[in-house]
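A.B. asks: Below is one structure. I have some questions about it.
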Amino acid sequence: MPAGPHDRGERLLGVAAAIAAAANGEHPVEDLCRACAQILSVAGASVVVMSGGVRGLGGSSDPVSARIEELQETLGEGPSVDAHQTGHAVSEPDLATPRRPRWAAFAPAALAAGAGALFSVPLRIGGVRLGALTLYRPMPGELSAGQHLNAQALANMVANIILSMQAEASAGSLSPDLDGLVGHRSEVHQASGMVSVQLGVGVGEALVRLRAHAYATDRPLAEVAADVVARRLRFDE
Amino acid sequence: MTREQRIASTFVELADSLVDDFDVVDLMVLLTERCVELLDVSSAGLLLADPVGRLNLMAATDEAVETVALFQIQRDEGPCRDCFHSGLRESTTDLAAAGARWPLFAPVAARAGLRAVHAIPMRLRGVVLGSLGLFRIQPVPLEPSELATAQALADVASIAILSSRGIRDAHVLADQLESTLNSRIAVEQAKGIVAEHLGCGMDEAFGRLRLYARANQTGVTIVAQALVDGSLSTDELRAR
């Protein structure tokens, strides 16, 4: 049965209520990811806020989306990275047989994690780029033009809501809601500092070495970082 | 259309405005007009604060509400003004008997023929943007379900208003967020550098950073950044 205007009304009623509830709730970023996934009819969504080239914080609607971000963090490539860096939407409707090959390390890993199609839009306000909103589908399939437009509009809203969360914080500190989303990334930065001393290189190079190790041993970057911080793993041996 | 269908279609209009280019003033006019149609109130008005916290009248469905809204701004008294300052809903069933509470406002409202009032906060995450005033000419309050609908409509409109405002404050806020994240990252990296050099834990490493910063009358972030970019040696921290 085709969806009539009333069904659309009912659906958007739910959508509007979900956005308002998510934005005012206890876990706004995760809840907004869920609302975005629901609105855009995709399986999952994730948000990442970047600081320079480094991941500052993030949230996701579901375990697959979380894994997609984790893989990009470990491998340093993927749709969120590209959308943030270029400021343009990134669309890969068929990750298994892409029109032009990209993300040599990330693509097979994301496929294995359950992503068939990936879409990222930059989180931006005016000329400022904060990060990216990334959507996944388990099977290949393009988003409609309307879905693309709505994805960018929702990303703008998410960016606004994140900024309004930060507006509540005192100068120099993250708002408590955002602070909770930094998560394991603290350990990644600590490990970068430790490895930089072990190898006598800068922290940027140290992060590259940590990532390479994670990739080579097929483990999440966060796990490798935790081993370094706990002194179970050194890079100068 | 049933009442539920009309409420749903209003959410559609508001939700559409969230995901398309829209005019904020149009949105506020739409919100007040729909409140009058859907909630059986006689008039509705919307007051929004400017960046320095002064209320401005943004939309009014008739002259009566325009008069009482402007009066609240000029005299700094009344339910919408109170709602904006407290962030809480303000309700009075009979303004003719509310002289004790609002000695200036109550008689003006009664002369304008308005009896019951509900002032609904326009808010997002604890930030109050303004207030939505719903008035009736009879001393009959809104039902709880009607108030819930009004608040949900106001919440969605608030996000849309904030999104449009975002453009204005975005650069400042985004810079703040980025520099805060940057300092946070630099401090964590510096903790790692110190911990590795001195063979200590992260808490002690942070303690060293703080001690050094205090002794040199500077901030932890500045010390951390100097360690990370190599302009400060960890030996300096050891010396203390």
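Residues are listed down the side, and each one gets a yes or a no for (1) at the interface with another protein chain (Cβ under 10 Å from one of its Cβ atoms); (2) open to solvent by less than 10 Å² (accessible area, probe 1.4 Å); (3) assigned to a strand (DSSP E or B); (4) free of Cβ contacts under 8 Å to residues at least 40 places away in the same chain:
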position	(1), (2), (3), (4)
B:Phe135	no, yes, yes, no
B:Ala160	yes, yes, no, no
B:Val172	yes, no, no, yes
B:Glu178	yes, no, no, yes
B:Ser183	yes, no, no, no
B:Asp203	no, no, no, yes
B:Arg210	no, no, no, yes
B:Arg214	no, no, no, yes
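A.B. asks: Just name the residue that is nearest to the other protein chains (Cβ to nearest Cβ) out of those in region A:50-78 that are among the acidic types (Asp, Glu) and in contact with a strand residue (DSSP E or B) (Cβ under 7 Å, 6 or more places away or on another chain).
C.D. replies: Only one residue fits best here, namely A:Glu73.
A.B. asks: For region A:131-170, give me each residue that is out of contact with any His (no Cβ under 8 Å at 6 or more places or on another chain) and assigned to a strand (DSSP E or B).
C.D. replies: Once the filter is applied, which keeps residues that are out of contact with any His (no Cβ under 8 Å at 6 or more places or on another chain) and assigned to a strand (DSSP E or B), region A:131-170 yields A:Leu133, A:Thr134, A:Leu135, A:Tyr136, A:Arg137.
A.B. asks: Another one. For region B:67-97, how many residues are within 22 Å of B:Leu147 (Cβ to Cβ), without any contact (Cβ under 8 Å) to a residue 60 or more places away in the chain and open to solvent by 10 Å² or more (accessible area, probe 1.4 Å)?
C.D. replies: 14
A.B. asks: Return yes when B:Ala154 is part of a helix (DSSP H, G or I), modelled with pLDDT under 90 and open to solvent by less than 10 Å² (accessible area, probe 1.4 Å) and no when it is not.
C.D. replies: yes
A.B. asks: Right, next: For residues that are more than 13 Å from A:Val182 (Cβ to Cβ) and either open to solvent by 10 Å² or more (accessible area, probe 1.4 Å) or among the aromatic types (Phe, Trp, Tyr) (or both), tally how many sit in region A:49-73.
C.D. replies: Summing the residues that are more than 13 Å from A:Val182 (Cβ to Cβ) and either open to solvent by 10 Å² or more (accessible area, probe 1.4 Å) or among the aromatic types (Phe, Trp, Tyr) (or both) in region A:49-73 gives 12.
A.B. asks: For region A:182-205, give me each residue that is open to solvent by less than 20 Å² (accessible area, probe 1.4 Å) and not in a helix (DSSP H, G or I).
C.D. replies: Across region A:182-205, the qualifying residue is only A:Val182.
A.B. asks: With respect to A:Ser46, is the statement that it is over 19 Å from B:Ile159 (Cβ atoms), touching a strand residue (DSSP E or B) at 6+ places or on another chain (Cβ under 7 Å), open to solvent by 20 Å² or more (accessible area, probe 1.4 Å) and away from every other protein chain (no Cβ under 14 Å) true?
C.D. replies: No, not satisfied.
A.B. asks: Within region A:203-223, can one find any residue that is facing another protein chain (nearest Cβ under 8 Å) and either out of contact with any Phe, Trp or Tyr (no Cβ under 6 Å at 6 or more places or on another chain) or under 27 Å from A:Ala107 (Cα atoms) (or both)?
C.D. replies: yes
A.B. asks: Within the group B:Arg111, B:Arg123, which residue is open to solvent by 10 Å² or more (accessible area, probe 1.4 Å) and either at pLDDT 95 or above or under 15 Å from B:Leu153 (Cα atoms) (or both)?
C.D. replies: B:Arg123
A.B. asks: Please find, within region B:219-235, the residue that is farthest from B:Arg208 (Cα to Cα) out of those that are more than 10 Å from chain A (Cβ to nearest Cβ) and hydroxyl-bearing (Ser, Thr, Tyr).
C.D. replies: Of everything passing the filter in region B:219-235, B:Ser231 is farthest from B:Arg208 (Cα to Cα).
A.B. asks: Being touching a helix residue (DSSP H, G or I) at 6+ places or on another chain (Cβ under 8 Å) and open to solvent by 20 Å² or more (accessible area, probe 1.4 Å) is the filter here, so list the residues in region B:98-108 that pass it.
C.D. replies: Scanning region B:98-108 gives B:Gly99, B:Leu104, B:Val108.
A.B. asks: I would also like to ask the following. So A:Ala155 passes all but one of these: (1) more than 9 Å from every other protein chain (Cβ to nearest Cβ); (2) over 16 Å from A:Gly59 (Cβ atoms); (3) crowded, with 16+ Cβ neighbours inside 10 Å. Which condition number does it fail?
C.D. replies: Just one mismatch for A:Ala155, condition (2).
A.B. asks: Tell me the residue from A:Arg129, A:Arg100 that is open to solvent by 60 Å² or more (accessible area, probe 1.4 Å) and within 14 Å of chain B (Cβ to nearest Cβ), please.
C.D. replies: The conditions single out A:Arg129.
A.B. asks: Please indicate, with yes or no, whether at least one residue in region B:219-227 is within 24 Å of A:Ser175 (Cα to Cα), under 31 Å from the mean Cα position of the chain (by Cα) and polar (S, T, N, Q).
C.D. replies: For region B:219-227, residues within 24 Å of A:Ser175 (Cα to Cα), under 31 Å from the mean Cα position of the chain (by Cα) and polar (S, T, N, Q): present.
The values are calculated or read from the model by the stated rules, or taken from the named source; none is laboratory data. Source: prediction; values computed, not measured. All Cβ positions, even for glycine, are placed from backbone atoms using ideal geometry, and neighbour counts span all protein chains on display. SASA here: full protein model, heavy atoms, side chains in, ligands and nucleic acids out. Shrake-Rupley method; radii C 1.70, N 1.55, O 1.52, S 1.80 Å.
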